[in-house]
Amino acid sequence: MGIATLWRLGGRGIVAARRLPLGLRPASTSASATSCRAVLLPRFGGPEVLEVRSDVAVPDLKPREVLVRARAVSINPLDLRMRCGYGRCIFEPLLPIILGRDISGEVAAVGASVSSLDVGQEVFGALHPTAVRGTYADYAILSEDELTVKPASITHVEASAIPFAALTAWRALKSTARITDGQRVLVIGGGGAVGLAAIQIAVAAGCSVSTTCGSQSIDRVLSVGAEQAIDYTAEDIENAIKGQFDVVLDTIGAPETEKTGINLLRKGGHYMTLQGEAASLADRYGLPIGLPAATAILLKKQLQYRYSHGIDYWWTYMRADAEGLHEIRRLSTAGMLKIPVDKVFPIAEVQKAHEVKQKRRVPGKVVLEVA
Ligand SMILES: NC(=O)c1ccc[n+]([C@@H]2O[C@H](COP(=O)([O-])OP(=O)(O)OC[C@H]3O[C@@H](n4cnc5c(N)ncnc54)[C@H](OP(=O)(O)O)[C@@H]3O)[C@@H](O)[C@H]2O)c1
């Protein structure tokens, strides 16, 4: 998504509301949907810069967009990094912005071309990493492709923890590495949300999964289907793991995990890191220099590892994927894809929630409930 297409705050209200269940008024006629409560990021900094405001404008819906009444939004590491200035080459000129990618809630209104969702349905989904108007708000706007129907068996809090992390894992394992039944997959950093989603997606695809994680995460990764869990704080990973892998997903992306992951791949295997350098180089040097520099670094690494180890090397990024989201919904409905939520805060306590997540005072997902 280019900068010119990013949404700006402001606008005049909602333009379309379709079939309504009994008792619901179209959001277009509701005064609360032309402006709403939202968490604004007016400048980069610590959790204290986040402002809960009650008068933030809700923009008009474009034809393929959906207005979602938020019930729960989860906090991703990207939210914390954006708050600190990550992506500033895109976001700084657009401040104040609204943080947040994940959402679970109800459809309040739909754009004129939306065909798969109706007002009143419970949905969950995630915004693209560069979206400016995020989900930390009473009303969020997502495209139809970024949403799907929420499984009835899980709560909004549980649902909000899933889409961004699972779509990231999906993109790496299914869209990039194209994992198949019987392959061996190594997830480096399996204890986090993306790691847990990756383990479950790989297991559901028929792969056998090994993973590295902290000691407190071992029961968690084994309970979702990993066959082997190595405590990276206590064991040497290369010694502890036997054999070679078809696919390595590295959620940590440090130089030592990259080295380990690549050494453990078979020839022709895929190494994928979530810590690509495109955004950080663009922040440092500006988009016109930073992006070509990132492309050059990636190409150099791809050639280097192809030559030295015979493997495919990738930087992988979350991307909206309607088919992936549909499959994620199917797995969640079947109880085969869960991401535990460790702490819930009301959205008004967003500063505290960011602090808890940043200082890693809770092991896993932190969710904001939107009353
Ligand atoms: N490229 C993309 O599009 C994309 C998308 C989503 C996420 N990400 C990135 O991927 C990473 C994981 O995201 P997430 O949502 O899974 O985060 P998360 O739920 O907060 O999990 C992070 C996990 O990483 C492990 N960890 C943290 N610091 C570590 C360290 N210094 N050394 C080793 N392990 C460490 C911890 O596992 P243990 O508790 O087991 O130690 C922690 O639970 C983040 O850096 C995030 O920014 C990138």
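If you scan the range 243-301, which residues turn out to be in contact (Cβ under 8 Å) with a residue 60 or more places away in the chain, touching a His at 6+ places or on another chain (Cβ under 9 Å) and either among the charged types (D, E, K, R) or not assigned by TED's automatic domain parsing to the domain that holds residue 202 (or both)?
Hit for the range 243-301 is 246, nothing else.
For the subset of the range 21-45 comprising residues that are among the aliphatic types (A, V, I, L, M) and assigned to a loop (DSSP other than H, G, I, E, B), which member is modelled with the lowest pLDDT? Spell out how you get there, then give the answer.
Quick first cut of the range 21-45, residues among the aliphatic types (A, V, I, L, M) only: 22, 24, 27, 31, 33, 38-41.
Those left that are additionally assigned to a loop (DSSP other than H, G, I, E, B): 22, 24.
Numbers: 22: 28, 24: 31.
Among residues in the range 21-45 that are among the aliphatic types (A, V, I, L, M) and assigned to a loop (DSSP other than H, G, I, E, B), the one modelled with the lowest pLDDT is 22.
Determine which member of the set 225, 192 is in contact (Cβ under 8 Å) with a residue 12 or more places away in the chain, touching a strand residue (DSSP E or B) at 6+ places or on another chain (Cβ under 9 Å) and within 14 Å of the ligand (Cβ to nearest atom). So that I can check it myself, show each step before the final result.
Details: 225 fails: within 14 Å of the ligand (Cβ to nearest atom).
Only one candidate qualifies: 192.
Any residue in the range 276-287 that is modelled with pLDDT under 95, exposed (fewer than 14 other Cβ atoms within 10 Å of the Cβ) and within 16 Å of the ligand (Cβ to nearest atom)?
Among the residues of the range 276-287, not one is modelled with pLDDT under 95, exposed (fewer than 14 other Cβ atoms within 10 Å of the Cβ) and within 16 Å of the ligand (Cβ to nearest atom), which makes the answer no.
Return the only residue of 116, 54 being part of a loop (DSSP other than H, G, I, E, B) and without any contact (Cβ under 8 Å) to a residue 40 or more places away in the chain.
Numbers: 54 fails: part of a loop (DSSP other than H, G, I, E, B).
Answer to the selection: 116.
When residue 365 is evaluated against the numbered criteria (1) surrounded by 15 or more Cβ atoms within 10 Å (Cβ to Cβ); (2) free of Cβ contacts under 8 Å to residues at least 40 places away in the same chain; (3) under 16 Å from residue 168 (Cβ atoms), which criterion, by number, is the only one it fails?
Here residue 365 clears every test but (2).
Read through the list (1) closer than 27 Å to residue 192 by Cβ; (2) in the same structural domain as residue 168 (by TED's automatic domain parsing); (3) out of contact with any strand residue (DSSP E or B) (no Cβ under 8 Å at 6 or more places or on another chain); (4) touching a residue at least 40 places away in the same chain (Cβ under 8 Å), then give the number of the only condition that residue 321 fails.
Unmet condition: (2).
The values are calculated or read from the model by the stated rules, or taken from the named source; none is laboratory data. Since we're looking at a predicted model, the values are computed, not measured. Positions of Cβ are generated from backbone atoms using ideal geometry, with glycine treated the same way; all protein chains shown enter the neighbour counts.
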